[in-house]
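The values are calculated or read from the model by the stated rules, or taken from the named source; none is laboratory data. Keep in mind it's a predicted model, so treat the numbers as computed, not measured. Here the Cβ positions follow ideal geometry from the backbone for every residue, glycine too, while neighbour counts run over all protein chains shown.
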Amino acid sequence: MSFTIGFLLFDDLTQLDFTGPLQVLSRAPGAETALIARKDGPVRTDCGPFILPTHTLDTAPDLDLLCVPGGFGVDAIMQDAVMIEFVRRQGAKARYVTSVCTGAFILGAAGLLKGVRATTHWRYHAHLSAFGAIPVNERVVHDGRVITGGGVTAGIDFALSVMREIAGDAVAASIQLGLEYDPAPPLDAGHPDRASSDVREAVEARFAPRMEAFEALVDALTAQDG
């Protein structure tokens, strides 16, 4: 039986948020992948390369699994009524509704996280509650049919966790081995609880201008809902 997995694409998405899960989930038994953008033509990622969608919003099939990546382009999509309505419509029908990193906020803007336990990138985590979600400080969070992953590289763990859900441990393990996914980072600085204060402060400083604009957008969107 086919299992249709749809990835939402948009300019300035974080490439690994998308390609990590794609590499894993495309190997699911019966998987058919749909790369869905608002219109035809290449989609720009945050690190230079472009991705060619296979479908537009109008030609997208009904999805068994919807996956929404994150990235700086999330801000524009949260304000795009057409894109948000597509996510809301597909999310209402899909067996699984999922996100990686700040893609969770697109689900939130579509009303799909109300009362749902969820996670996202550590720097944005506290803002999940603005959309009615229950923030959980874990790398991958399952709440019924909603599965959310943390920031960027968490997308691989997220996808293997999804694979266990849809195809079982044996299939997920075989995919993990086939990809030789055996992470051994040279530094133990991948989580704010383990990074040194100097590293944390440097990352916070890089995020600061971005966070000011993002927080203003969240306030504006949630004020409209209120």
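Brief remarks follow.
- Restricting the first member to segment 198-226 and to residues that are closer than 19 Å to ALA133 by Cβ and small (Gly, Ala, Ser), and the second to residues that are surrounded by 12 or more Cβ atoms within 10 Å (Cβ to Cβ) and at pLDDT below 95, no beta-carbon pair is closer than 9 Å while six or more apart or on different chains.
- Filter result for THR120 (modelled with pLDDT of 95 or more, surrounded by 15 or more Cβ atoms within 10 Å (Cβ to Cβ), assigned to a loop (DSSP other than H, G, I, E, B) and of a type in the set (Val, Ile, Thr)): yes
- Listed conditions (1) part of a loop (DSSP other than H, G, I, E, B); (2) under 17 Å from the mean Cα position of the chain (by Cα); (3) over 27 Å from ALA216 (Cβ atoms) are all met by LEU113, apart from (3).
- The set of residues in segment 140-154 being assigned to a loop (DSSP other than H, G, I, E, B) and crowded, with 18+ Cβ neighbours inside 10 Å consists of GLY150, GLY151, VAL152, THR153.
- Of everything in segment 166-182 that is touching a helix residue (DSSP H, G or I) at 6+ places or on another chain (Cβ under 9 Å) and in contact (Cβ under 8 Å) with a residue 12 or more places away in the chain, the residue that is farthest from LEU25 (Cα to Cα) is TYR181.
- In segment 40-56, the residues that are farther than 9 Å from PHE10 by Cα reach residues that are part of a strand (DSSP E or B) and of a type in the set (Gly, Ala, Ser) with C-beta atoms within less than 7 angstrom, at least six apart or across chains, in these pairs: PRO53/ALA37; THR54/ALA34; HIS55/ALA34; THR56/ALA37.
- For segment 42-71, a residue qualifies if it is surrounded by fewer than 22 Cβ atoms within 10 Å (Cβ to Cβ) and either part of a helix (DSSP H, G or I) or touching a Lys or Arg at 6+ places or on another chain (Cβ under 7 Å) (or both), and the qualifying residues are PHE50, THR56, LEU57, ASP62, ASP64.
- Residue satisfying condition, being in a helix (DSSP H, G or I), exposed (fewer than 12 other Cβ atoms within 10 Å of the Cβ) and not aliphatic (A, V, I, L, M), within set ARG206, ARG210, ARG194: ARG206
- Annotation: of all residues in segment 28-87 being of a type in the set (Ser, Thr, Tyr) and in contact with a helix residue (DSSP H, G or I) (Cβ under 9 Å, 6 or more places away or on another chain), the one that is nearest to THR148 (Cα to Cα) is THR33.
- Screening GLU32 with (1) buried (at least 17 other Cβ atoms within 10 Å of the Cβ); (2) more than 13 Å from the chain's Cα centre (by Cα); (3) outside any helix (DSSP H, G or I) gives one miss only, at (1).
- Flag if ALA184 is surrounded by 14 or more Cβ atoms within 10 Å (Cβ to Cβ), among the small types (Gly, Ala, Ser), modelled with pLDDT of 95 or more and assigned to a loop (DSSP other than H, G, I, E, B): no
- Contact annotation: residue pairs with Cβ atoms under 8 Å, 6 or more positions apart or on different chains, pairing a residue in segment 106-124 that is under 11 Å from ILE77 (Cα atoms) and in contact (Cβ under 8 Å) with a residue 60 or more places away in the chain with a partner that is of a type in the set (Phe, Trp, Tyr) and in a helix (DSSP H, G or I), are ALA109/PHE131.
- Filter pass, PHE18 being in a helix (DSSP H, G or I) and buried (at least 16 other Cβ atoms within 10 Å of the Cβ): yes
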